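Structure first, commentary second.
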Amino acid sequence: MSQRRTLILAAAIVIGALASFLVWNYVNGVQDEAYSNAEQVPVFLVKQAVPRGTPGLQAQAYIAKENIPRKFKPSNAITNIEDITGKVAVGNLVPNQVVVADMFVDASDPSARASFAEKLAKIRNKDQVAVTINLEAVRGVSGLIQPGDFVNIMVTQVAQVGNTSDGSTTKAENGADVLFAQQARFLYQKVEVLAVGDTSVPEAGATTDTTAPGAAPTTSNGMLTLIVPTKAAQYIASVPPAQLYLVLVARDYKPVAQDPIDLNALLPGEDPAQLTPYGTDGPDSSN
């Protein structure tokens, strides 16, 4: 009895699979016949997502020419891929869209430019805000900071050490004159710079070559806009600009907690265990 049931079940599976194949084959045959009877015309299809602001020349790498039935071709579809050269994507393009003339506009068109609010992308799934600080050259790395760079933010405060009885000379605990009039501590490390002056991080797909002949250098007049979480913006805004000090760091810089310096300890150059900023052997590239 059990063997009979097994045979019936196997036969049912085979019949079901055969029926599915026949239906699939019929539907595809009808579709092929419909397409073969429809006039095919060439269009340009988006094959890979293209972000807003992408130059047309760069976007061409993600667009391919294909044939579709005439009735599906938009009246304003581009007929030549060169039609988008020198223009930029006015919106985000998704795969399988037919490229039409309205998707790309001149770079000078305001609609092609993303607002600063659109550049406030989430970082580690947290909303970000933009906060601007104004620093003089020495405290702002002498104008070397560019949009997209990362900086460490230090705050300075008057060194908390003993004073002489008449207040004329600051003394350390051991009675020696104090070399440090202020103490610098790290407020935040690896903060992303959104804009320098009125120059912001390039939009998606755009490039900025400040070394090209005639290219205008980035000028800040001390104005730096940072992208940070809301709480961090509160901390930064709570410190007077005269107490802020920035240091430029590499993109692959790894933040490490730093203790306040001991104002009464040996200077690094007097400490046999340190001597140089890079350790006792100095900045030897072979190490």
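For Leu187, nonlocal amide neighbours, meaning residues 5 or more places apart or on other chains whose placed amide H falls under 5 Å from its own, are Ile153, Met154, Val155. When only Cα pairs below 8 angstrom with a gap of at least 6 residues are kept, segment 40-112 shows a relative contact order of 41 percent. Near Lys87, the amide H atoms lying under 5 Å from its own belong to Gly56, Leu57; only residues 5 or more places off or on other chains count, and H is placed 1.01 Å from N.
In terms of distances greater than 31 angstrom between alpha carbons, the cross-link table entries Lys126/Lys254; Lys231/Lys254; Lys71/Lys122; Lys87/Lys190; Lys47/Lys231; Lys47/Lys71 yield Lys71/Lys122; Lys87/Lys190; Lys47/Lys231.
Separation of segment 221-239 from segment 252-287 is 28 Å, based on Cα centroids. When segment 40-112 is described by a simple charge dipole with +1 on each Lys and Arg Cβ and -1 on each Asp and Glu Cβ, the residue from Phe104, Gly56, Pro74 located farthest towards its positive end is Pro74.
Rule-based calculations on the coordinates, nothing more; no lab input. All figures in this text were calculated on a predicted structure; none of them were measured in a lab. Note that each Cβ is placed from the backbone with ideal geometry, even for glycine, and that neighbours are counted across all protein chains shown.
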